[in-house]
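Engineer: The structure under discussion is supplied below as structure tokens; questions concerning it will follow.
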Amino acid sequence: MNTMAPAKGCPFHDAATDFDPFDLTDPFPFYEFARAEAPVFYSEKLGYWVVARHADIKAVFENWQTFSSENAQAPIRPMGEPGRAVMKAGGFTAYSGLSARVPPEHSRIRKVAQSCFGPRRFKSIEPQIFEIVNREIDRFVDKGSCDFFREFAYDVPAYVLFRLVGVPDSDVPKVKSWAISRALLTWGNLTDEEQVPHAHNMVEYWAYCRSLVAAAHENPGDNLPGDMVRMQAGGAEISDDEIAGVLYSVLFAGHETTTTLLANAMREVLLDRDRWEDLKASPDKWTAATEEFLRFSPSIVAWRRRALTDTEIGGVAIPKGADILLLLGSANRDAAVFENPDTLDIDRPNARSHLSFGYGIHFCLGQQLSKLEFGIAMREVARRLPSLRLKPGQEFTFAHNTSFRVPTALQIEWDLS
């Protein structure tokens with residue numbers, strides 16, 4: 001491990017003790033320190049080995065035989081007995097759709113899901129994305145100001161995804177609330193008592209996913225569960241609970257990450273008026289700029305793996321059974337890969353080298369949909385609210401957890417014509 005003295009003026013001195021895994025307000029200065037001084041270190045606070053460099057994280061993702069994804073969806077803080085009792089009594093048996101599975105099971109289920117979650121399905125929903133985006137803008141366009149996170153970014157990806165899955169708009173609020181509970185239980189730091197109401201929500205969430213599968217058997221619609229049920233009937237090797245597991249994952253990851261991408265990107269672009277004017281004048285640039293926003297301010301800044309054998313990462317010995325936290329947000333600012341990594345450059349030629357969607361066999365299944373939604377949403381907001389700006393005097397804060405850099409609000413305003 002690098003033992004060089006920290007740079008003069010650096011607020012960090014020891015990665016193991018200075019690392020606060022739950023504070024995502026501005027983790028990037030610590031990431032820079034860790035890459036230089038302790039690219040692989042053990043966090044006593046978390047009980048995880050933490051990895052900061054792009055090359056090391058990419059190597060871990062590639063080597064799924066050694067670094068298992070089995071802990072990817074496990075609670076950072078183990079469930080207390082009260083919460084476990086609630087989930088057991090409620091018949092909660094959900095397992096990750098894909099992200100925590102390993103081959104051959106992962107390969108078998110992903111093959112089915114990927115065939116249903118491809119370009120044909122996304123192309124068919126593109127007109128609906130335009131309709132949803134403009135419907136939501138209509139709700140606040142005459143106000144002159146709004147909380148962009150709560151009044152636009154929070155709901156739009158959910159309405160899009162749930163249309164894809166066959167969830168009625170009337171169910172969006174409760175499914176979004178279940179998603180919040182899942183995030184807090186998995187990546188938060190709740191007490192045993194605080195876990196209990198969220199455990200009840202998880203029971204309802206899992207029952208809902210199973211009901212979608214049952215409904216698809218009764219009447220397979222032109223949507224994701226309908227596609228998977230039809231494939232199952234045609235001989236595809238996937239069970240009802242595995243289909244429900246895919247829905248359990250998609251109904252969370254398929255909108256929460258896009259919500260955060262929209263809000264984080266809007267914040268960053270409005271912090272620089274020249275950048276906003278450039279993108280507004282050249283709307284086609286939004287599509288290419290998506291990769292740079294994903295790199296610079298990702299929705300997910302950390303992900304997890306577990307060592308199945310005694311091994312090493314970046315020359316540091318890692319014992320069998322060790323839990324590992326991969327700092328994706330740090331990898332995306334690694335100067336060994338990205339020139340001037342702390343600068344948001346919408347014309348960056350290698351922005352796609354970011355690790356925000358993971359890498360290897362678990363590369364995000366829904367990344368095409370997320371980027372499609374992002375481009376349409378940002379182009380339409382810029383077209384309809386050309387004078388958009390950040391409301392002055394606001395403080396940017398983020399949800400307290402290890403992995404999802406979710407803003408708590410984003411206040412914007414514009415001129416009324």
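The values are calculated or read from the model by the stated rules, or taken from the named source; none is laboratory data. Given the structure is predicted, the values throughout are model-derived calculations rather than measurements. With ideal geometry, Cβ positions are generated from the backbone for all residues, glycine too; neighbour counts draw on all protein chains shown. For accessibility, only protein heavy atoms count, side chains too; no ligands or nucleic acids. Shrake-Rupley method; radii C 1.70, N 1.55, O 1.52, S 1.80 Å.
Engineer: Across the Cα atoms of the chain, what radius of gyration and what greatest pairwise Cα-Cα distance (Dmax) are found, in Å?
Structural biologist: 21.3, 67
Engineer: Right, next: So how long is each side of region 120-270 along the principal axes, counting just the alpha-carbon atoms, biggest first, in Å?
Structural biologist: Answer, in whole Å and largest first: 53, 45, 25 Å.
Engineer: Using a simple spin-label model with points 7 Å from Cα along the Cα→Cβ vector, what separation in nm is obtained for F396 and E105?
Structural biologist: Here the modelled spin labels are 4.0 nm apart.
Engineer: Let me ask another. Report the FRET efficiency, 1/(1 + (r/R0)^6), for N63 and K143, where r is their Cβ-Cβ distance and R0 is 60 Å, rounded to 0.05.
Structural biologist: In this case the efficiency is close to 0.75.
Engineer: I would also like to ask the following. Go through V60, L98, N401 and say which Cα lies farthest out towards the positive end of the charge dipole of the chain; charges sit on Cβ, +1 for Lys and Arg, -1 for Asp and Glu.
Structural biologist: About the Cα centre, the residue reaching furthest to the positive side is L98.
Engineer: Could you work out [θ]222 nm for the chain from helices alone, using -39500 (n - 2.57) per DSSP H run of at least four and dividing by all its residues? Round to the nearest 500 deg cm²/dmol.
Structural biologist: Rounded to the nearest 500, the figure is -15500 deg cm²/dmol.
Engineer: Please compute the volume of the convex hull spanned by the alpha-carbon atoms of region 177-237 and report it per residue in Å³.
Structural biologist: Per residue, the Cα convex hull of region 177-237 comes to 98 Å³.
Engineer: How do 295-306, 78-89 rank on mean C-beta neighbours within 10 Å, highest first?
Structural biologist: Per-residue Cβ counts within 10 Å, averaged per peptide and sorted highest first, yield 295-306, 78-89.
Engineer: Let me ask something else. Hey, any idea what % of region 334-377's accessible area is carbon plus sulfur with a 1.4 Å probe?
Structural biologist: Percent of accessible area from carbon and sulfur atoms in region 334-377: 49.
Engineer: Further question: Can you pull out the chymotrypsin sites (Phe, Trp or Tyr not before Pro) in region 325-417 that DSSP calls coil and that have at most 10 other Cβ atoms within 10 Å?
Structural biologist: Filter output for region 325-417: empty list.
Engineer: Taking the mean number of other Cβ atoms within 10 Å as a proxy for protection, how do you rank 251-262, 133-144 from highest to lowest?
Structural biologist: 251-262, 133-144
Engineer: Which ³J(HN,Hα) values, rounded to whole Hz and listed in residue order, are derived for region 305-322 from phi using the Karplus coefficients 6.51, -1.76 and 1.60 in 6.51 cos²θ - 1.76 cosθ + 1.60 with θ = phi - 60°, glycine and proline given as x?
Structural biologist: The phi angles translate into 9, 9, 6, 8, 9, 4, 8, 8, 10, x, x, 9, 5, 10, x, 4, x, 5 Hz.
Engineer: Find how much the distance from T408 to E268 grows on full extension, using 0.36 nm per residue of separation minus their present alpha carbon separation; answer in nm with one decimal.
Structural biologist: 48.9 nm
Engineer: Please calculate how many Å² of accessible area region 1-143 carries per residue, with a 1.4 Å probe and no DNA, RNA or ligand atoms counted.
Structural biologist: 49
Engineer: Separate question: State which helices in the chain qualify, where a helix is a whole DSSP H run, it must extend 15 Å or more along its own axis by its Cα atoms, and its mean Kyte-Doolittle hydropathy must be at least -0.5.
Structural biologist: Those that pass (Cα extent of 15 Å or more, hydropathy at least -0.5) are 172-187, 240-270, 285-296, 367-384.
Engineer: Also: Using alpha-carbon positions, what is the distance between the centroids of region 11-86 and region 291-356, in Å?
Structural biologist: About 11 Å separates the Cα centre of region 11-86 from the one of region 291-356.
Engineer: Something else now. With every protein chain present, what is the per residue accessible area of region 207-364 (1.4 Å probe, Å²)?
Structural biologist: With all protein chains present, region 207-364 gives 38 Å² per residue.
Engineer: Using a 1.4 Å probe on the protein chains only, how many percent of the accessible area of region 54-103 belongs to carbon and sulfur?
Structural biologist: Percent of accessible area from carbon and sulfur atoms in region 54-103: 57.
Engineer: Taking 8 Å as the Cα distance limit and 6 or more residues as the minimum spacing, I'd like the relative contact order of region 60-161 as a percentage.
Structural biologist: Relative contact order, region 60-161: 23 percent.
Engineer: Another question, then. Given Cβ point charges of +1 (Lys, Arg) and -1 (Asp, Glu) and nothing else, what value in debye, to the nearest 20, does the dipole of the chain about its Cα centre take?
Structural biologist: About 700 debye.
Engineer: Measure off 7 Å from each Cα along the Cα-to-Cβ vector at K123 and D23, then give the distance between these two points in nanometres to one decimal.
Structural biologist: Result for the modelled spin labels: 5.0 nm.
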